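Before any comments, here is the structure.
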Amino acid sequence: MAATSDATRPRRSGASRAWAYGALILGALLMVYPLWWMVMSSFKPDTMIFTEPNRLPGSLDFKNYVDGWFSSAPGFTRYYFNSFVICLGAVVGNVLACSLTAYAFARLEFPFKRVLFAIMMLTLMLPHHVVLIPQYILFVKLDWVNTYLPLIVPKFLATDAFFIFLMVQFIRKIPRELDEAAAIDGCGTFRTFITIIFPLLTPALVTTIIFTFIWTYNDFFAQLIYLTSPNSVTVPVALRAMIGESGGSYGQLLAMSVLSLVPTFVVFLIFQRRLVEGISTSGLKG
């Protein structure tokens, strides 16, 4: 009987594995279908998009892409420029400010350290809409509305508690003996951070860069609130405005939507391995 159970066990495991793979493939197809439909529809005229949704386009006509790119006065060249400038500023701000703040929480001793760290963690549960009105009033008084400043300057003040927590967990795994060796060599606090801690933070920094870029690039609400001039809007806001500006051309809208996905796909594909490595080595893995 024991031999029989041992013989049937591989069959059962093989069958269960086949069912699992089948379910995963089915789920993947369901998730990829909307993207596939959007890409195929971007090459169709508007009359075919909804009347023949599953029919492949007869040819790869890039008319929707060309017309959509120049559908508004500034054009999508300007919109992409605005998005990349804001993303670059946000990435630099988060890398510098969050790493310095994390180093202070992980290595330095100062009054109310635990209380301040707890308050910082509580901000993760604070909805953005709660602080939106006070922030907007502040930026209006500073005359920053319709500029990049409301979207970039807060990043240099370490406002993203998630990245601070991620780096704190990573720094705590770095042996303190390295700090002591640097102190013996005459390094102060800041020099120890620059020469020892910051280079070892590379996996966590890469994770911060990727998430900051994707979240900032895809942000719609904050950019809609603070950027009011047509020359200052970003790609997500421009996509929302396309229907009215282009006479309701869904082909152009889908074509620009496809192009808007390219930067995030490229960033994710290039840094996918480092993204997983950075999360798993930063204390977020059990």
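Residues that are modelled with pLDDT of 85 or more, in contact with a Phe, Trp or Tyr (Cβ under 9 Å, 6 or more places away or on another chain) and either basic (K, R) or over 30 Å from R176 (Cβ atoms) (or both): does the stretch 3-23 have at least one?
no
In this structure, is V95 surrounded by 10 or more Cβ atoms within 10 Å (Cβ to Cβ), in contact (Cβ under 8 Å) with a residue 12 or more places away in the chain, outside any loop (DSSP other than H, G, I, E, B) and not polar (S, T, N, Q)?
Details: surrounded by 10 or more Cβ atoms within 10 Å (Cβ to Cβ): yes; in contact (Cβ under 8 Å) with a residue 12 or more places away in the chain: yes; outside any loop (DSSP other than H, G, I, E, B): yes; not polar (S, T, N, Q): yes.
Criteria met by V95.
From K173, K155, grab the single residue that is closer than 19 Å to F105 by Cβ and surrounded by 18 or more Cβ atoms within 10 Å (Cβ to Cβ). Outline the logic, then answer.
On the way: K173 fails: surrounded by 18 or more Cβ atoms within 10 Å (Cβ to Cβ).
After applying the criteria, what remains is K155.
Could you please find all residues in the stretch 130-149 being within 15 Å of V92 (Cα to Cα) and not hydrophobic (A, V, I, L, M, F, W, C)?
If we filter the stretch 130-149 for residues that are within 15 Å of V92 (Cα to Cα), which is where we start, we get 148-149.
Once the filter is applied, which keeps residues that are within 15 Å of V92 (Cα to Cα) and not hydrophobic (A, V, I, L, M, F, W, C), the stretch 130-149 yields only Y148.
Hey, among L166, L224, L239, which residue is touching a residue at least 60 places away in the same chain (Cβ under 8 Å) and assigned to a helix (DSSP H, G or I)? Outline the logic, then answer.
Details: L224 fails: touching a residue at least 60 places away in the same chain (Cβ under 8 Å); L239 fails: touching a residue at least 60 places away in the same chain (Cβ under 8 Å).
On inspection, the qualifying residue turns out to be L166.
If you check L205, L284, L275, which single one turns out to be at pLDDT 85 or above and either under 21 Å from the mean Cα position of the chain (by Cα) or not acidic (D, E) (or both)? Lay out the reasoning, then the answer.
On the way: L284 fails: at pLDDT 85 or above; L275 fails: at pLDDT 85 or above.
Among L205, L284, L275, only L205 is at pLDDT 85 or above and either under 21 Å from the mean Cα position of the chain (by Cα) or not acidic (D, E) (or both).
Are any residues in the stretch 58-72 hydrophobic (A, V, I, L, M, F, W, C) and not in a helix (DSSP H, G or I), and if so, which ones?
Narrowing the stretch 58-72 to residues hydrophobic (A, V, I, L, M, F, W, C): 60, 62, 66, 69-70.
Scanning the stretch 58-72 gives L60, F62, F70.
Just one of (1) in a helix (DSSP H, G or I); (2) among the small types (G, A, S); (3) more than 23 Å from M120 (Cα to Cα) trips up A204, so point out which.
So A204 meets the others, but not (3).
Mind counting the residues in the stretch 98-115 that are surrounded by 13 or more Cβ atoms within 10 Å (Cβ to Cβ) and among the aliphatic types (A, V, I, L, M)? Spell out how you get there, then give the answer.
Applying the first criterion (surrounded by 13 or more Cβ atoms within 10 Å (Cβ to Cβ)) to the stretch 98-115 yields 98-107.
Now narrow it down to the ones that are among the aliphatic types (A, V, I, L, M): 100, 102, 104, 106.
Total meeting the criteria: 4.
In the set R55, R78, which member is of a type in the set (K, R), assigned to a helix (DSSP H, G or I) and at pLDDT below 95?
Values: R55 fails: assigned to a helix (DSSP H, G or I).
Only one candidate passes the filter, namely R78.
The values are calculated or read from the model by the stated rules, or taken from the named source; none is laboratory data. This structure is a prediction, so every number in the text was calculated from the model and none was measured. Here Cβ is always computed from backbone atoms with ideal geometry, including for glycine, and neighbour counts include all displayed protein chains.
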